[in-house]
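The values are calculated or read from the model by the stated rules, or taken from the named source; none is laboratory data. Because the structure is predicted, anything quoted here is derived from the model rather than measured. Quick reminder, even Gly has a Cβ in these numbers, built from the backbone with ideal geometry, and neighbours come from all protein chains shown. For accessibility, only protein heavy atoms count, side chains too; no ligands or nucleic acids. Shrake-Rupley method; radii C 1.70, N 1.55, O 1.52, S 1.80 Å.
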Amino acid sequence: MATYKKRGFKPKNKEEEAQMQEHDSTTAEVFNTLDESASKTEEWVQKNQNYILGVIGVIAVGVLAYLGYHQFIQNPKEATAANELFYPQQYFDQALASETEKDSLFTLALNGAQGKYGFLDIIEEYSGTKAANLAQYSAGMTYLNLKQYDQAVAHLEDFSSDDDIMGAMAKGGIGDAFSQLNQQEDALDYYEKAIAHSDNEFTAPRFLYKAGVVALELGDKSKALGYFERIKEEYPNSQEANGVDALIGLAQN
């Protein structure tokens, strides 16, 4: 009787059979190792189940507390602080427009009146809110107008903003305070920070001009010339550009 052979079938020699046995043995070891690892993992999870659940619970409580804080505490606090800020800001605006009662109105803006908070109260009572941050700016500008320059610097330094106008005005306000205190190097430093904060057409030429004037006072004509030329080239339509040619002439001599 003829013996049927599958197409492509070749009898294994001893070497091939040995390799196959070795491969099967290695595969079995891998699966045994995986089974052992899985068993150890399950055992560890079971042993530390309470700890794991505790950690998950702490994370869940933390998330809920964070959400609850913002929903029920921080957000209402922000809204209340913003409402409180409205009153001293009115006094501040009135002081800017007044010719005869500036100081008294600025004082009311700082300290409040008729049971309403002033800027200083809002800073203390609503610390951490956006309104308290804005109150730092307004308080700093108020002290600047009251010629209490140390206080102006302290509050404006505590104000933080990425806004092009307010951020630059705060740094420039510190420069103004230092200039009035005859600390011209510090003044120039903050004018330069105000210029670097934003190149908008409102604040940039204003503080380029002040930086140039202070640089002239400090005898740094080269730096002053650079600032004045920037005004002429980059902000030709600004108020500061009027008469800047004369300042350029001073810096060149």
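Side notes on the structure shown:
- Taken one residue at a time, the phi angles of the stretch 184-196 give Karplus couplings (6.51, -1.76, 1.60, θ = phi - 60°) of 5, 5, 5, 4, 4, 4, 6, 5, 5, 5, 5, 5, 5 Hz. Gly and Pro are set to x.
- Length available on full extension from A113 to A154: 0.36 nm per residue minus the Cα-Cα distance, which gives 12.4 nm.
- Separation of the stretch 163-200 from the stretch 231-245 is 19 Å, based on Cα centroids.
- Net charge contributed by nearby residues that have their C-beta within less than 12 Å of G226 (K/R +1, D/E -1): -1
- Heavy-atom accessible area, probed at 1.4 angstrom with all protein chains present, ranks H197, H155 as H197, H155, highest first.
- Set K102/K130; K130/K193; K77/K102; K193/K223 screened for pairs whose C-alpha atoms are more than 19 Å apart: K102/K130; K130/K193; K77/K102
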